[in-house]
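The values are calculated or read from the model by the stated rules, or taken from the named source; none is laboratory data. Since the structure is predicted, the reported quantities are computational estimates derived from the model, not experimental observations. Methodologically, a virtual Cβ is constructed for each residue, glycine included, from the backbone with ideal geometry; neighbour enumeration extends over all protein chains shown. SASA here: full protein model, heavy atoms, side chains in, ligands and nucleic acids out. Shrake-Rupley method; radii C 1.70, N 1.55, O 1.52, S 1.80 Å.
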Amino acid sequence: MTAIINGVKTDAGIIAVDEKVERGDCTTVTGNELVSALELAELAGRSTGFVTTTRVTHATPAATYAKSPERNWEDISDMPAAAVASGCEDIASQLVSFEKRLTQRFPESEKINGIEVMMGGGRRHFLPESEGGDRTDKRNLIQAWQQQYPEGQYIEDQAGFDALEPAKTAQLLALFNRSHMQYEADRITNKQGEPSLSEMTAKAIEVLDNNPEGFFLLVEGGRIDHAHHAGNAFNALNDTIELSRAVETALDKVNTDETLIMVTADHSHGFTMAGYPKR
């Protein structure tokens, strides 16, 4: 995803930085940061957003906003003490500080206003241990985001999603699960409820389309890959069908004369029955 969204091939396991960076060593990051398509859209005054069925801190969405020498540093509890001591910032924290960091890199820009739409799972990476999260620094990043964007809306269930009014939504942070969202076939098992990928796509476009300058949106059906890893053909195919619905939704929601829609895999994955299956 780093290659697709930043236009530069790099090493495995690192996020939006070039091959000069040594994996796991944050002292090598400075000066080797890449510029993502989402960041270019921010600099051009367009609205930006991403929708995923994985954690919002997972590698694919993270490549749009974070710079990290380790894809697994999703929150501070995932980081070695040496990395924390040397000033590394975890990926969840980087999402909250995105506008500040981009402005520091491009101080001449007057159009940066932060990511408008962020939807997916991964709530545990934004909450301290005392509140059921994983963070060991006692920070509540959801509250930090709300303080930074007082007009923004935070939601974490189907009821909040259904009540959302896109025309009145300036910024949206939605964390529908502690970890990854459910497979499409299993969404009903989440008592709080989770919207489908196609539903999130529709709502994201409705929010982003408030900006007459246009928008950039990444939509990821990220659990297709997870089902492949698990040797689970049903969920792999079922989530692929839902991704297809999301593409159809996007096509219905935009004017294709002025909107570029690209559909690809951030990495292809052959479905094989070779060692992972439980039976």
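Rank these residues by their accessible area, most exposed first, probe 1.4 Å: K191, K111.
Largest accessible area first, the residues go K191, K111.
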Candidates for Kirkwood radius over Cα pairs in Å are (i) 25.5; (ii) 20.6; (iii) 19.2, and the calculated one carries label (iii)
The lysines whose Cα lies under 25 Å from the Cα of K203, excluding any fewer than 8 residues away in the same chain, are K111, K168, K191, K253
Descending packing, highest mean Cβ count within 10 Å first, for 227-240, 37-50 is 37-50, 227-240
Probe 1.4 Å, all chains present, heavy atoms only: L173 accessible area in Å², nearest 10, is 0 Å²
When every protein chain stays in place and a 1.4 Å probe is rolled, F216, F161 sorted by accessible area with the largest first are F216, F161
Sorted by chain and number, the residues with a modelled amide H under 5 Å from that of E220, at a separation of 5 or more or across chains, are V51, T52, T53
Along the dipole axis of segment 1-107 (charges at Cβ: +1 for Lys and Arg, -1 for Asp and Glu; origin at the Cα centre), the most positive-end residue among A59, M1, T48 is T48
Rounded to whole angstrom, the alpha-carbon centroid of segment 133-197 lies from that of segment 202-244 at a distance of 16 Å
By the DSSP-based rule, helices of the chain that are at least 24 Å long along the axis (C-alpha) and have a mean Kyte score of at least -1.0 are 233-253
Karplus-derived 3J(HN,Hα) from phi for segment 172-186 (6.51 cos²θ - 1.76 cosθ + 1.60, θ = phi - 60°), whole Hz, x at Gly and Pro, runs 9, 10, 10, 10, 8, 8, 5, 10, 5, 5, 5, 4, 3, 5, 9
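For segment 58-185, what class follows from the C-alpha gyration tensor (a ≥ b ≥ c being the square roots of its eigenvalues): rounded when a/c is under 1.5, otherwise prolate if a/b is larger than b/c, else oblate?
In terms of gyration-tensor shape, oblate.
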To the nearest 20 debye, the chain has a Cα-centred charge dipole, built from +1 on Lys and Arg Cβ and -1 on Asp and Glu Cβ, of 600 debye
Of the residues H269, A82, A167, the Cα lying farthest along the dipole of the chain towards its positive end, which is defined by charges on the beta carbon of Lys, Arg, Asp and Glu, belongs to A82
Counting only protein heavy atoms and rolling a 1.4 Å probe, one gets per residue an accessible area for segment 1-130 in Å² of 37 Å²
Restricting to lysines and to Cα separations under 21 Å from K20, and discarding same-chain partners fewer than 8 apart, the set is K9, K67
Heads up, segment 120-257 by the C-alpha gyration tensor (a ≥ b ≥ c square roots of eigenvalues; a/c under 1.5 rounded, else a/b over b/c prolate, else oblate) looks oblate
Residues meeting the amide H criterion for G121 (H placed from the backbone, H to H distance under 5 Å, 5 or more places apart or on another chain) are T54, R55, V56, F176, M181
